[in-house]
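One structure below.
The values are calculated or read from the model by the stated rules, or taken from the named source; none is laboratory data. A quick note: this is a predicted structure, and the numbers were derived from the prediction, not measured. Glycine also receives a Cβ, built like all others from the backbone with ideal geometry; neighbour counts cover every protein chain displayed. Side chains are part of the model used for accessible areas, which takes the heavy atoms of the whole protein and leaves out ligands, DNA and RNA. Shrake-Rupley method; radii C 1.70, N 1.55, O 1.52, S 1.80 Å.
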Amino acid sequence: MSKLYLIPTTLGENEPAEVLPQSVLNLIPSLRIFVVEELRTARRFLSKTGHRGHIDELEFHTLNEHTSAQEVSALTELFSRGDVGLLSEAGLPAVADPGALLVAACHRMGIDVVPLVGPSSLMLALMGSGLNGQSFAFRGYLPAKTDERRAALRSVEKQSASLHQSQIFIETPYRNDALFADMLAGLSDSTRLCIAADLTLESELIRTKTVAQWKKEKAFSIGKRPCVFIILA
């Protein structure tokens, strides 16, 4: 019976062999059907992982935030022709990723789902933060509007303090510094904040300080880098 393989990708432009186990690199060339979030990124990744020179022989189907429920359901027909690989833009498929819709559809259809080992920016950030790894919550994206975002941060900070629970966020890279500024403006000085950017890359930065300490870093800027934010009140 055909299976859905959840294929991890790199978090940046590093070589796949730096972050993916050999068992995953051995499997990828055996697949011919792929469901991907972004075609160009997927083609580039697959060229690096055993399909170089054969990309045009592969079958690609797009699944992103614009894919309808009916289109997701139709993708299950692919399994009549063989195993399928699912790729997201970076890191692990189906985590803060529309690929979760295909995974759910496969479970409804009785299709086996096989998650493969690879880098998770969320877990790498938590590991390196020094914050509570026993109790944590992934909050995804906060509201884009400043007032709503600051209100959400205050609410989550209260929950963090009540439960002694690490709260994990991500943001669209061009809004990193806006979120960082709102955190400094709205969170308590004693709350600890971890900034984890460019994980697994040579430019990797993981730094945890109290909000009061971060306020003294006047020249600090995250910039448009993939970043994970963690707070613990």
Among (1) open to solvent by 10 Å² or more (accessible area, probe 1.4 Å); (2) over 21 Å from Gly118 (Cβ atoms) - the single one Arg40 does not satisfy: (2)
Residue count, segment 99-147 (criterion: within 30 Å of Thr191 (Cβ to Cβ) and open to solvent by less than 70 Å² (accessible area, probe 1.4 Å)): 20
Unique match (being crowded, with 19+ Cβ neighbours inside 10 Å, within 25 Å of Cys227 (Cα to Cα) and more than 18 Å from the chain's Cα centre (by Cα)) among Leu46, Leu86, Leu75: Leu46
Condition met for Asn176 (in contact (Cβ under 8 Å) with a residue 12 or more places away in the chain and either over 21 Å from Val95 (Cβ atoms) or not in a loop (DSSP other than H, G, I, E, B) (or both)): yes
Residue under evaluation His54, criteria (1) over 19 Å from Ala90 (Cβ atoms); (2) loosely packed, with under 14 Cβ neighbours inside 10 Å; (3) touching a helix residue (DSSP H, G or I) at 6+ places or on another chain (Cβ under 8 Å), criterion not met: (3)
Filter result (surrounded by fewer than 16 Cβ atoms within 10 Å (Cβ to Cβ), closer than 20 Å to Ala137 by Cα and of a type outside the set (Gly, Ala, Ser)) within segment 168-188: Thr172
Test: residue in segment 157-167 that is surrounded by fewer than 19 Cβ atoms within 10 Å (Cβ to Cβ) and either among the basic types (Lys, Arg) or touching a helix residue (DSSP H, G or I) at 6+ places or on another chain (Cβ under 6 Å) (or both): yes
Count of residues meeting criterion [exposed (fewer than 15 other Cβ atoms within 10 Å of the Cβ), among the acidic types (Asp, Glu) and either part of a loop (DSSP other than H, G, I, E, B) or without any contact (Cβ under 8 Å) to a residue 24 or more places away in the chain (or both)] in segment 6-37: 2
Single condition Ala197 does not satisfy, out of (1) open to solvent by less than 10 Å² (accessible area, probe 1.4 Å); (2) in contact (Cβ under 8 Å) with a residue 40 or more places away in the chain: (2)
Residue satisfying condition, being of a type outside the set (Phe, Trp, Tyr) and over 21 Å from Ala96 (Cα atoms), within set Arg207, Arg149, Arg225: Arg207
Filter result for Lys215 (open to solvent by 60 Å² or more (accessible area, probe 1.4 Å), modelled with pLDDT of 95 or more, over 24 Å from the mean Cα position of the chain (by Cα) and on the phi < 0 side of the Ramachandran plot): yes
Hey, Leu102 modelled with pLDDT of 95 or more, within 26 Å of Lys48 (Cβ to Cβ) and touching a Gly at 6+ places or on another chain (Cβ under 9 Å) or not: no
